[in-house]
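Here is the structure we will look at, set down as C-alpha cells.
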Amino acid sequence: MPGALLTTLSNIQCPHGGVVILASTTDTVAQVGGGYVLLESDVHAVAGCPFTTGTNPSPCTTVLWSGGSTQVKVNQVGVLTESSVGQCLGPSGVQGTAIIGNTQTLATASA
C-alpha cells in the first residue's frame, strides 16, 4: 500500500512533545513539495523533550528510522513514508515511537 512521503517539511515529535529536527544529510537531490525527501538512513536530533525518570531528566535526543520503502529509493536508500517507524532514543535507550503529524501527499511510495 502506498504511503505519503516524509520530507524536511513534515512535522514529527517524540512521544513526549519534543520536536524532531528534520534534515536529510544524504539526500540533496529529491525534493517534493519544496522539501527534501527523508531517507531510512537519516538520523534526526530531538529538541525540547521534557521526559524525566523520577526527578532525573531523560530527554529523547535522537530518532532512528526503519521501514523505509523497498520500491522507491534515493541514492539506493529507501525513502521514509507515513508507515515508517521512528524510534526515539534517550540516555536509557528506546523511549517511544515518533509521532508523525503531517506528510507530503504529492507523491507516494510503496513500503
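The values are calculated or read from the model by the stated rules, or taken from the named source; none is laboratory data. The structure presented is a predicted model; accordingly, all values stated were derived computationally and were not measured. Counting neighbours? That spans all protein chains shown, and the Cβs are built from the backbone with ideal geometry, glycine included. Each accessible area value is taken on the protein alone, full model and side chains, heavy atoms only, with ligands, DNA and RNA left out. Shrake-Rupley method; radii C 1.70, N 1.55, O 1.52, S 1.80 Å.
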Over the chain, give the accessible area per residue in Å² for a 1.4 Å probe, as an integer.
51 Å²
Whenever you get a sec, compute what percent of the accessible area on the range 1-99 sits on carbon and sulfur atoms (1.4 Å probe).
56 percent
Compute the distance in nm between two label points, each set 7 Å from the Cα along the Cα-to-Cβ direction, one at ALA23 and one at THR53.
2.9 nm
Inter-label distance, nm, simple model (7 Å from Cα along the C-beta direction), LYS73/VAL43
2.2 nm
Just subtract the alpha-carbon distance of THR61 and GLN31 from 0.36 nm times their residue separation and send over the number in nm, one decimal.
8.2 nm
